[in-house]
1. Hey, can you tell me all the residues within the stretch 249-263 that are of a type outside the set (Gly, Ala, Ser) and either closer than 15 Å to Leu286 by Cβ or open to solvent by 20 Å² or more (accessible area, probe 1.4 Å) (or both)?
2. Do you know which residues across the stretch 40-63 are surrounded by fewer than 18 Cβ atoms within 10 Å (Cβ to Cβ) and in a helix (DSSP H, G or I)?
3. Give me the pairs: first residue in the stretch 269-289 and among the hydroxyl-bearing types (Ser, Thr, Tyr), second residue at pLDDT 95 or above and in a loop (DSSP other than H, G, I, E, B), beta-carbon distance under 8 Å, and six or more apart or on different chains, which are they?
4. When you go through Leu147, Leu119 one by one, which is the residue that is at pLDDT 95 or above, touching a helix residue (DSSP H, G or I) at 6+ places or on another chain (Cβ under 8 Å) and over 25 Å from Arg211 (Cα atoms)?
5. Looking for something touching a His at 6+ places or on another chain (Cβ under 9 Å), outside any strand (DSSP E or B) and at pLDDT 85 or above - is there at least one such residue anywhere in the stretch 88-110?
6. Can you tell me how many residues in the stretch 64-86 are open to solvent by 40 Å² or more (accessible area, probe 1.4 Å) and at negative phi?
7. Before we move on, is Glu217 surrounded by 14 or more Cβ atoms within 10 Å (Cβ to Cβ) and either of a type in the set (Phe, Trp, Tyr) or farther than 17 Å from Thr162 by Cα (or both)?
8. For a quick check of your reading: which helices (runs of 4 or more DSSP H) sit entirely within the stretch 126-214 and have at least 3 residues that are surrounded by 15 or more Cβ atoms within 10 Å (Cβ to Cβ), at negative phi and aliphatic (A, V, I, L, M)?
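The values are calculated or read from the model by the stated rules, or taken from the named source; none is laboratory data. What you are looking at is a predicted structure, and each value in this text was computed from that prediction instead of being measured. Cβ placement follows ideal geometry from the backbone for every residue including glycine, while neighbour counts extend to all protein chains displayed. Accessible surface areas use protein heavy atoms only, side chains included; no ligands, DNA or RNA. Shrake-Rupley method; radii C 1.70, N 1.55, O 1.52, S 1.80 Å.
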Amino acid sequence: KRLPLLRPRALSEHRGGAEVASWEMVLYLIGLGLADERDITLRGLEALKKCGKVYLEAYTSILTVGKERLEEAYGVKIEIADREMVEGGFDEVLAGGCVEGVALLVVGDPFGATTHADLMLRAKQLGIPVEVVHNVSIMNAIGCCGLSLYRYGETISIPYFTETWKPDSFYDRIVSNKKAGLHTLCLVDIKVKEPTLESLARGKPVYMPPRFMTVKEALEQLLEIEAIRKEGACTSASMCVGVARIGCADQQIVAGTAAELLSVDFGAPLHSLVLVGEAHPLELELLEGFGVAASTP
């Protein structure tokens, strides 16, 4: 059963000379930040406490804590919204004119994934107001590695390869960034509640265990593509920065060549990778503090 994702909001309306209350549907998209239950903003918390239903979108990213910690901290009941629910299950709700509502909690910032922009567009096409509460995401928090945010080119996503599917379209964007002297932020794949191809063929989804790509896996795939394309986008000598659990107390940042980072254990997810472009002297000085030698206990 699909639960409604729209919250009633009181409005003033004049009927027969008297002002009475009416209702307007509102869709809330609330960013949670990167680490745990404490990263929500005051504005987000205020909006959350007004909502009748609350969902946690749990497939484009994850926090370091489960929904139970969020429920305890926020004082609300939270239900998990998987890919099927967010990308398809809300259509009937948005079109049905339901006025009982919910907020959608999003790890990072609501616009860190195109899925949420699509949800907002669908709501607006139906005349439903949307209120967005922003928060920090990896797109701006990556500045902590010492590379200027003004010097990044197009961000890429690196998916898990399979035996029969090894896409390399992202390689062209790395080459383009490199030619312009720009850094490349690589967002690595996560698999949460992903069905197996065999189960889909049978029409009865069976879900694989969650998988979170590591810095090592991302580099291995990049080097595999480099061995084929040979355009110098990411060689074993390329300067890179691997990061893990950004925003958490135990966040990890290590800079070095691709070959050096292959041997670094970055620990628990989530991981990201930066391919360094033409670095300013100040950036190089900051990167030295995150070098492999400096990061080794």
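1. First, pick out the residues of the stretch 249-263 that are of a type outside the set (Gly, Ala, Ser): 250-254, 257, 260-262.
Passing the criteria: Asp250, Gln251, Gln252, Ile253, Val254, Thr257, Glu260, Leu262.
2. Leu42, Arg43, Leu45, Glu46, Lys49
3. Ser272/Ile246
4. Leu147
5. Step one: filter the stretch 88-110 for residues touching a His at 6+ places or on another chain (Cβ under 9 Å), giving 104, 106, 109-110.
Then keep just the ones that are outside any strand (DSSP E or B); that gives 109-110.
Still in the list and also at pLDDT 85 or above: 109-110.
The answer is yes, given that some residue of the stretch 88-110 is touching a His at 6+ places or on another chain (Cβ under 9 Å), outside any strand (DSSP E or B) and at pLDDT 85 or above.
6. 11
7. Here the answer is no, as Glu217 does not meet what is asked.
8. Working: elements: 138-141, 169-179, 197-202.
Hits in the stretch 126-214: 138-141.
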